[in-house]
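The structure under discussion appears below in the form of structure tokens.
The values are calculated or read from the model by the stated rules, or taken from the named source; none is laboratory data. Note that this is a predicted model, so its numbers are computed, not measured. No Cβ is skipped: glycine too gets one built from the backbone with ideal geometry, and neighbour counts run over all protein chains shown.
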Amino acid sequence: MIRKAVIPAAGFGTRLLPASKSQPKEMLPIVDTPTIQYVVEEAVAAGITDILMIIGKGKRAIEEHFYRNFELELELEEKGKIKELEKLKRISDLANIHFVWQKELNGLGDAISYARDHVGNEPFAVLLGDTLVRSTSGESVTKQMIDVYERYHESVVALEEVEHDKVSRYGVMDGKVIDKNVYLVNSFVEKPDPKDAPSNLVIAGRYVLSPEIFDCIDKTVPGKNNEIQLTDAMRLLLEERAMYGLHFDGRRYDLGNRLDFIKTNIEFALMRDDLKDGLSAFIKELALEMV
Ligand code: G1P
């Protein structure tokens with residue numbers, strides 16, 4: 001059973017400046033909820049009960065969001081705002097959430113290495129804190145990956161198909177399909193030149209890893225951008241163990257990217273009963289003004 005998840009959230013978010021100057025990019029809201037809360041909810045929906053967040057300077061707001069705010073709770077109670085109060089309490093009850101600081105921003109592999117003591121000798125999930133994934137089947141993508149892990153008892157990465165000229169932004173998989181949407185991984189390469197990419201199936205920011213990954217990270221030398229890359233550590237793990245890829249049915253939203261950030265807000269608002277009518281009327285109005 002997989003109970004633990006690690007959410008790396010230490011990066012600066014330079015692509016979202018100035019919005020991310022004094023607030024963590026993971027706290028920027030999608031409609032009315034910080035991005036990272038959706039990530040935690042995805043993990044919880046997959047049966048995760050224990051979450052370690054890797055944070056750093058300027059990320060305190062994430063801690064405050066997941067801890068209780070007694071003064072605010074009292075205020076809401078006194079004013080009879082029971083619905084808001086329940087919503088607030090639910091956040092701190094989602095899971096046992098812990099925090100650790102990454103001393104230096106030295107890559108995703110380095111960030112994950114800080115989870116070693118906390119994770120111990122169990123398989124665990126990794127969910128990037130600035131990326132949302134939504135499955136069309138409605139089932140949490142992390143849950144689908146855990147199901148694959150339970151079938152093969154080896155690490156699993158979520159895969160997404162992207163246009164060939166975009167592969168240089170991602171970790172790219174080389175492998176072969178062995179079951180519906182499931183790949184047996186042969187290798188990975190981090191952010192290759194499109195002409196050297198083995199496929200257009202890329203790592204989509206969700207992983208279920210066996211604990212041997214920590215030894216592999218220790219052996220990993222700096223790679224792309226002179227950072228310790230998780231993708232390189234996974235390539236080392238592949239020398240000893242099998243690994244699987246799940247091409248999940250759904251979409252990934254990269255919230256470190258401005259256009260994706262805006263699109264995600266619109267898409268998520270259109271899925272909300274309280275907002276969809278007003279927002280679609282506004283979009284139609286705008287579209288008419290633009291023709
Ligand atoms: C990281 C990983 C990369 C993965 C990507 C998904 O890159 O290193 O393999 O495809 O996340 O978002 P980053 O976006 O942190 O540069």
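Just a few scattered comments:
- Each residue in the range 219-232 was checked for being more than 10 Å from the ligand (Cβ to nearest atom), among the hydrophobic types (A, V, I, L, M, F, W, C) and touching a residue at least 60 places away in the same chain (Cβ under 8 Å), and 1 pass.
- Flag if TYR152 is away from the ligand (no atom under 14 Å from the Cβ), touching a residue at least 12 places away in the same chain (Cβ under 8 Å) and touching a strand residue (DSSP E or B) at 6+ places or on another chain (Cβ under 6 Å): yes
- Matching residues in the range 251-291 - criterion: being of a type in the set (A, V, I, L, M), closer than 22 Å to SER135 by Cα and in a loop (DSSP other than H, G, I, E, B): LEU255, MET271, LEU275
- If you go through the range 142-173 and keep only what is surrounded by 15 or more Cβ atoms within 10 Å (Cβ to Cβ) and over 21 Å from the mean Cα position of the chain (by Cα), you end up with just TYR152.
- In summary, LYS103 fulfils each of the numbered conditions (1) part of a helix (DSSP H, G or I); (2) farther than 17 Å from GLN37 by Cβ with the single exception of condition (1).
- Some residue of the range 102-111 being modelled with pLDDT of 95 or more, aliphatic (A, V, I, L, M) and more than 16 Å from the ligand (Cβ to nearest atom): no
- Scanning the range 199-251 for residues that are loosely packed, with under 15 Cβ neighbours inside 10 Å and of a type in the set (A, V, I, L, M) turns up VAL221, ALA242.
- Residues that are in contact with a helix residue (DSSP H, G or I) (Cβ under 6 Å, 6 or more places away or on another chain) and closer than 28 Å to ALA46 by Cα were ranked within the range 74-87; the one that is surrounded by the fewest Cβ atoms within 10 Å (Cβ to Cβ) is GLU84.
- Note on the range 177-214: residues that are outside any loop (DSSP other than H, G, I, E, B), more than 10 Å from the ligand (Cβ to nearest atom), in contact with a strand residue (DSSP E or B) (Cβ under 6 Å, 6 or more places away or on another chain) and not hydrophobic (A, V, I, L, M, F, W, C) amount to 3.
- Selected residue (only one of ASP273, ASP260, ASP218, ASP232 is more than 22 Å from the chain's Cα centre (by Cα) and farther than 20 Å from GLY138 by Cα): ASP218
- If only residues of the range 253-291 that are touching a Lys or Arg at 6+ places or on another chain (Cβ under 8 Å) and surrounded by 13 or more Cβ atoms within 10 Å (Cβ to Cβ) are counted, the one that is modelled with the lowest pLDDT is GLY256.
- Residue within the range 7-20 that is more than 30 Å from LYS276 (Cα to Cα), within 14 Å of the chain's Cα centre (by Cα) and not small (Gly, Ala, Ser) present: yes
- Verdict on VAL167 being in a strand (DSSP E or B), within 15 Å of the ligand (Cβ to nearest atom), touching a residue at least 24 places away in the same chain (Cβ under 8 Å) and not acidic (Asp, Glu): no
- Take the conditions (1) within 16 Å of the ligand (Cβ to nearest atom); (2) in contact (Cβ under 8 Å) with a residue 60 or more places away in the chain; ARG235 misses just one of them, which is (2).
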